[in-house]
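The values are calculated or read from the model by the stated rules, or taken from the named source; none is laboratory data. Predicted model, so just to flag it, every value in this text is computed and none were measured. Positions of Cβ are backbone-derived with ideal geometry, glycine not excepted, and every protein chain shown enters the neighbour counts.
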Number of protein chains: 2
Amino acid sequence: MSAETAAGPVASGPVPGALPIALDALGGDLGAAPNVEGAVQAARAGVPVLLVGERTRLHAELGRHTGSAGLPIEVIDAPDVIGMDEHASDVRGRPEASINVCTRLVKEGRAAAAVSMGHSGATMASALLTLGRIRGVDRPAILTHLPAQGGFTTLLDVGANADVKAAYLAQWARLATVYLRVLEGQENPTVGLLSIGEEDHKGSALVLEAHALLRELHGLGHGQGINFYGNVEGNDIFKRTTDIVVTDGFTGNVVLKLAEGEAKVLLGWVKEALSSDLRSKLGGLLVRTRLRGLAERLDPGTYGGSVLLGVRGLTFIGHGKSDARAVKNAVLRAARAHEAQLVPRLEAAFGAS
Amino acid sequence: MSAETAAGPVASGPVPGALPIALDALGGDLGAAPNVEGAVQAARAGVPVLLVGERTRLHAELGRHTGSAGLPIEVIDAPDVIGMDEHASDVRGRPEASINVCTRLVKEGRAAAAVSMGHSGATMASALLTLGRIRGVDRPAILTHLPAQGGFTTLLDVGANADVKAAYLAQWARLATVYLRVLEGQENPTVGLLSIGEEDHKGSALVLEAHALLRELHGLGHGQGINFYGNVEGNDIFKRTTDIVVTDGFTGNVVLKLAEGEAKVLLGWVKEALSSDLRSKLGGLLVRTRLRGLAERLDPGTYGGSVLLGVRGLTFIGHGKSDARAVKNAVLRAARAHEAQLVPRLEAAFGAS
């Protein structure tokens, strides 16, 4: 193991199930440690991983995991990295940047997917430049999952496009529908359009136009159609009124960060309340395990990161503060998306239009 | 007491402190009961109230409160009411609709403020039509408070304007600054512009333009200037990174409803976790009182509703599901805004421009 190129035995064959996941191994706020540990966990679960980044650092980090030598993990040297404070457009002139190496491995069929906890703008830019768009998709969108009553709500776009057109929202509704069908086995997921009133006539000019387009898509054939519920409001996201909520990348990003931020603050208040006096402290001790389960449910890492939908290749974007568990979940989700042939199925759905 | 007109002793004098609050007494999802009970509580706290609505129903409801006869409460008959399912524009042709009677009482100087838990669009429309805009304000905005770390965050617009211009955001930042100065004694509150990245160059086209305007306002004289912090993100709202967060009415409304909806679902999960087994149930019993305090902190009614800023008269808009406590808090807040001369001080600030 630990070959310095991707030409090792793992990546040599075209067998889809055995293709490794290319992990941008120095990406994210926490550096190599959680990425490498997450890769080790994913490899132990049977998913081969290409660790892309500065060779010596990655080997050193790998060396800290005893027993990792027998795992399907390779290191691919990429001396350059796009820092969190650099511009997304910097990916253009830097072919050796780790994220560019990851997306190129996908493009060349040597990796099943690119996964990065690093600069999300750079990851998007690299995927777009290297992999290109699915025919019929004007703009790729970032899809994510939020914990909600009885499961999770699928939300997109959460940040790829701050300014959008109504047609994008309609395309994203179709992409997300196929995504849930392929990855979650939901045959006919419901789609809600985020607005500021349930009534059809309420909302911004953009929402009114998108509403009409989504209404048209509702009831088309299984390949192209969506199951449009109508407008939903902010409170419907946690109520899980619909399986999918579609919105522009500005509102979606605010929603995602607000939801995560509020969960954090509220759980902090609950903990505070449970240690405010002796009686509460005793009660807090008794309920500790249950609250830990709740905290895990609210952890963004539980859902395996976000996926960039609409590019011709699998690209997963994780939280900058992802721990090893979140990295592992993202890698496993990427492998599952590859096995389920997500990209070909998205292309087929749009090819029918 | 119970005079049928507003020409009673309470409303006859121009003494600001003694002017009653006009309450749209049948407004809201729960009808007369919480409005009348809230009015009784406010009157007991020393704030005179005009109950505006269908006379017989209001007298009947008032009759259920023993001891209310001696309180400074009058009933003003308004046979018509704008239903929750009617259009906001319906206020135009219906002068006897309760919300129109309320705003007219303010316009005529017979009430200090209009307060409604009813149709918020109709309340806005009525206030705009009857009271007009403050000079220099293009569009009024709805300002509200969200619970946050160590206090609350002031957010606007939360729904009056789905489509906006950058100049509106700059005006709202000034309105909110004066509001917090006058009502909360915060001399120099910080203003954040809601965006999808802290960096100045990130955000939608609208945000980039608004950022430049807010930057200009920063550092002007005390009368016109604002204390601009820069861009903030969704997670900054509960962290209380800034005192004020300014955004368009679409995003703000989504934020408000998401925040309320998430708090509700999360508290439900905490309660569920505390009753999942015997051990947790026992713990739950011990922490019950503390959690009740937390639930109250998260209750939108705690903050006394929202205020429509930018019209020439005080107008408060409450949650449709407001209980008596929320109604009382909104009435008390309205009285405080009147005593503090909020509208004249807003006019003075804009007059200086």
>> Here is a check on your reading of the model: is B:VAL49 out of contact with any Asp or Glu (no Cβ under 7 Å at 6 or more places or on another chain) and either within 20 Å of B:LEU131 (Cβ to Cβ) or outside the structural domain of B:ALA127 (by TED's automatic domain parsing) (or both)?
In response: yes
>> Within the range B:200-253, take every residue that is acidic (Asp, Glu) and outside any helix (DSSP H, G or I) and give me the one that is farthest from the other protein chains (Cβ to nearest Cβ).
In response: B:ASP243
> Based on what the data block shows, is A:GLU108 over 23 Å from A:VAL343 (Cβ atoms) and surrounded by fewer than 24 Cβ atoms within 10 Å (Cβ to Cβ)?
Replying inline: no
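Could you grab me the full set of residues in the range A:81-118 that are touching a residue at least 60 places away in the same chain (Cβ under 8 Å), of a type in the set (Lys, Arg) and either under 19 Å from A:PRO140 (Cα atoms) or assigned to a helix (DSSP H, G or I) (or both)?
Restricting attention to the range A:81-118, the residues satisfying the condition of being touching a residue at least 60 places away in the same chain (Cβ under 8 Å) are A:84, A:98-99, A:101-103, A:105-107, A:109-118.
If we keep only those that are of a type in the set (Lys, Arg) too, we end up with A:107, A:110.
Hit for the range A:81-118 is A:LYS107, nothing else.
Across the range B:182-199, which residue is nearest to the other protein chains (Cβ to nearest Cβ) among those that are among the hydrophobic types (A, V, I, L, M, F, W, C) and over 18 Å from B:GLY252 (Cβ atoms)? If you could, list the steps in order and put the result at the bottom.
Looking only at the range B:182-199, we keep the residues that are among the hydrophobic types (A, V, I, L, M, F, W, C), and these are B:182-183, B:191, B:193-194, B:196.
Restricting the remaining residues to those that are over 18 Å from B:GLY252 (Cβ atoms) gives B:182-183.
On the way: B:VAL182: 28, B:LEU183: 24 Å.
Only one residue fits best here, namely B:LEU183.
Which residues, counting only those in the range B:286-331, are in a loop (DSSP other than H, G, I, E, B), among the basic types (Lys, Arg) and at pLDDT 95 or above? Please lay out each step first, then the result.
Our first condition is that a residue be in a loop (DSSP other than H, G, I, E, B); within the range B:286-331, this holds for B:299, B:304-305, B:310, B:312-313, B:318-323.
With the extra rule that they be among the basic types (Lys, Arg), the set shrinks to B:312, B:321.
Scanning the range B:286-331 gives a single hit, B:ARG312.
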> Applying the selection to the range B:257-292, what residues are closer than 25 Å to B:THR153 by Cα, within 7 Å of another protein chain (Cβ to nearest Cβ) and either under 24 Å from the mean Cα position of the chain (by Cα) or basic (Lys, Arg) (or both)?
Replying inline: B:LYS257, B:LEU258, B:ALA259, B:GLU260, B:GLY261, B:GLU262, B:ALA263, B:VAL265, B:ARG290
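Check the range A:256-272 and report whether any residue there is in a helix (DSSP H, G or I) and over 30 Å from B:THR289 (Cβ atoms).
First, pick out the residues of the range A:256-272 that are in a helix (DSSP H, G or I): A:256-272.
Among the residues that remain, those that are also over 30 Å from B:THR289 (Cβ atoms) are: A:256-257.
Within the range A:256-272, one or more residues are in a helix (DSSP H, G or I) and over 30 Å from B:THR289 (Cβ atoms).
From the list A:GLY70, A:GLY38, which one is assigned by TED's automatic domain parsing to the domain that holds A:PHE316 and surrounded by fewer than 17 Cβ atoms within 10 Å (Cβ to Cβ)?
Values: A:GLY38 fails: surrounded by fewer than 17 Cβ atoms within 10 Å (Cβ to Cβ).
On inspection, the qualifying residue turns out to be A:GLY70.
Give the residues of the range B:23-67 that are in a loop (DSSP other than H, G, I, E, B) and hydroxyl-bearing (Ser, Thr, Tyr), sorted by residue number.
Step one: of the range B:23-67, the residues in a loop (DSSP other than H, G, I, E, B) are B:25-31, B:45-48, B:54, B:64-67.
Answer for the range B:23-67, where residues must be in a loop (DSSP other than H, G, I, E, B) and hydroxyl-bearing (Ser, Thr, Tyr): just B:THR66.
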>> Can you tell me which of (1) among the aliphatic types (A, V, I, L, M); (2) in contact with a strand residue (DSSP E or B) (Cβ under 6 Å, 6 or more places away or on another chain); (3) modelled with pLDDT of 95 or more is the one A:ALA33 doesn't meet?
In response: (2)
> Can you tell which of A:VAL327, A:VAL307 is more than 14 Å from chain B (Cβ to nearest Cβ), in contact with a strand residue (DSSP E or B) (Cβ under 6 Å, 6 or more places away or on another chain) and either closer than 25 Å to A:ILE237 by Cα or β-branched (Val, Ile, Thr) (or both)?
Replying inline: A:VAL307
